[in-house]
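**Student:** Can you keep this structure in mind? I'll have questions shortly.
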Number of protein chains: 2
Amino acid sequence: MKLQVAMDLLSVEDALKLAGKVAKYVDIIELGTPLIKTEGLSVITAVKEAHPDKLVFADMKTMDAGELEAEIAFEAGADLVTVLGAADDSTIAGAVKAAKLRSKGVVVDLIGVEDKVTRAKEVRALGAKFVEMHAGLDEQAKPGFDLNGLLRAGVEAGVPFSVAGGVKPSTIDAVQQAGADVAVVGAAIYGAADPTQAAKELRSAIMWRPAA
Amino acid sequence: MKLQVAMDLLSVEDALKLAGKVAKYVDIIELGTPLIKTEGLSVITAVKEAHPDKLVFADMKTMDAGELEAEIAFEAGADLVTVLGAADDSTIAGAVKAAKLRSKGVVVDLIGVEDKVTRAKEVRALGAKFVEMHAGLDEQAKPGFDLNGLLRAGVEAGVPFSVAGGVKPSTIDAVQQAGADVAVVGAAIYGAADPTQAAKELRSAIMWRPAA
């Protein structure tokens, strides 16, 4: 399982600082949507130039103009971009077209999609590299939220998937056991007193688990 | 009915140039999602500073972190921001909270929402200033697309609404007759040989229509 750090920060400077602290323990560096909207595509370029050996994941959350939005993010240096599962199939197909031309990938973010299992299968057929079983920050803040619904959906869908929704040291083992391809960790790294140590511990937790 | 120009361009320079050409004929200047993602929030500030007498509409298409995304766009100078109708109610409520604190407004973009009538009523109750009956660029490109479904949904919902989906000189009268509060025009202005003339003609078309 790969480890992805989601950088929900708001400046290129903070993003570069955090990426520098955690890169050696993660596989994928995610630039959050508010970060991209704040700084523009230049933040993608800056992080990719600083970390050419890492996959740079641009959380574009594209809802329309799929081919164009994917193109501009890939050209800026992204390896993976997100399109919303709530988007029209033609939007997802447009982004996939842009990805295939460049040997890059589209991740479909299933945030807000009620039937994640069905949509996961559909978008995989459209060419998504994997789907993100994702509960947003606003959804996580609601009382009673837990990660298990996302894990069950990932297992049931039977397509490559990542899990994002407050993954932390106490839950990353469950994410791996569910068969996720990628665990996405945000606040448990960027909000930690020592982000480097937090990333290192998460890396160890998933490295040394014996095969099921 | 107000006239909104949607600037689906990709640079601050082009946006300022187009806004300069059409501002005097429009009420609302919209910065498209790909433009914001490309340039960052500074494009909002640049356009608002150049046109302080116009409403600046930041098409953020927020899907998560509603309060934060609205806040940063308002602080950059936006008067109106969009949140997706596909977003969780808590995301819309968060953006509305940020808007109310600043006497600004949230527009809920119903792109990709199947039952636009029901969702329009729901998000109006959550505090949306108006809803956008919107077919995206990808949807408009599909064979058989026409604007009438959006107009019917607007009439039926019975809440303040705008219409966006390839509105042009030949259809703007129908938009006004449907009772829309705002007509959103994109390519018919920014793609015109003479954008100033195109905006002027659209303005005349809606100014001089006698009351129904």
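Throughout, read-outs are computed from the coordinates displayed, never taken from laboratory work. What you are looking at is a predicted structure, and each value in this text was computed from that prediction instead of being measured. Glycine gets a Cβ as well: all are built from the backbone with ideal geometry, and neighbour counts include every protein chain shown.
**Student:** Which value in nm describes the separation of the simple spin-label points at residue A:45 and residue B:194, placed 7 Å from the Cα toward the beta carbon?
**Tutor:** About 3.7 nm separates the two model spin labels.
**Student:** Moving on to the next point. For peptide A:23-35, what's the mean number of Cβ atoms from other chains within 10 Å of each residue's Cβ?
**Tutor:** For this peptide, the per-residue mean of nearby foreign Cβ atoms is 2.
**Student:** Region A:74-174: which chymotrypsin sites (Phe, Trp or Tyr not before Pro) are DSSP loop and have at most 16 other beta-carbon atoms within 10 angstrom?
**Tutor:** Listed in order of number, the matching sites are A:145.
**Student:** In percent, how large is the relative contact order of region A:1-91, given Cα pairs closer than 8 Å and 6 or more residues apart?
**Tutor:** 25 percent
**Student:** For region A:27-161, what log10 I(q)/I(0) values come out of the Debye formula at q = 0.14, 0.17, 0.20 1/Å, with one point per alpha carbon and no solvent?
**Tutor:** At q = 0.14, 0.17, 0.20 Å⁻¹ the computed log10 ratios are -0.60, -0.88, -1.15.
**Student:** Can you compute the helix-only [θ] at 222 nm over the protein assembly as shown? Use -39500 (n - 2.57) per DSSP H run of at least 4 residues, normalise by all residues, nearest 500 deg cm²/dmol.
**Tutor:** Theoretical 222 nm ellipticity from helices: -13000 deg cm²/dmol.
**Student:** For region B:79-84, in order, what is each residue's ³J(HN,Hα) by Karplus, 6.51 cos²θ - 1.76 cosθ + 1.60 with θ = phi - 60°, in whole Hz (x at glycine and Pro)?
**Tutor:** Running phi through 6.51 cos²θ - 1.76 cosθ + 1.60 with θ = phi - 60° gives 9, 9, 10, 9, 10, 6 Hz.
**Student:** Now a separate question. In terms of modelled amide H atoms, which long-range or inter-chain residues lie less than 5 Å from the amide H of residue A:161?
**Tutor:** Amide H neighbours of residue A:161: A:131, A:181, A:182.
**Student:** Taking every residue in A:137-144, how many Cβ atoms of other protein chains lie within 10 Å of its Cβ, on average?
**Tutor:** 5
**Student:** Additional query: What nm distance separates the two modelled labels at residue A:156 and residue B:170, each placed 7 Å from Cα along Cα→Cβ?
**Tutor:** 4.7 nm
**Student:** May I ask you to derive the relative contact order of chain A, considering only C-alpha pairs under 8 Å and at least 6 residues apart, and to give it as an integer percent?
**Tutor:** 19 percent
**Student:** Something else now. Output the direction-averaged projected area (hull surface divided by four) of the convex hull of the alpha-carbon atoms of region A:160-212, in nm².
**Tutor:** 3.5 nm²
**Student:** Oh, and also: Which far-off residues, 5 or more places away or on another chain, put their amide H under 5 Å from the one on residue B:167, with H placed in the peptide plane?
**Tutor:** Answer set, sorted by chain and number: B:186.
**Student:** So what's the gap between the Cα centers of region B:41-99 and region A:42-77, to the nearest angstrom?
**Tutor:** After rounding, the separation between the Cα centres reads 22 Å.
**Student:** I would also like to ask the following. Roughly how crowded by other chains is peptide B:60-72, in terms of the mean Cβ count from those chains within 10 Å of each of its Cβ atoms?
**Tutor:** 6
**Student:** Please compute, over every Cα-Cα pair in the protein assembly as shown, the percentage with a separation greater than 33 angstrom.
**Tutor:** So the pairs more than 33 Å apart make up 31 percent of the total in the protein assembly as shown.
**Student:** Right, next: Cα to Cα, under 18 Å, and not fewer than 8 places away if on the same chain: which lysines meet these conditions relative to residue B:37?
**Tutor:** Residue B:37 reaches A:37, A:48, A:61, B:48, B:61.
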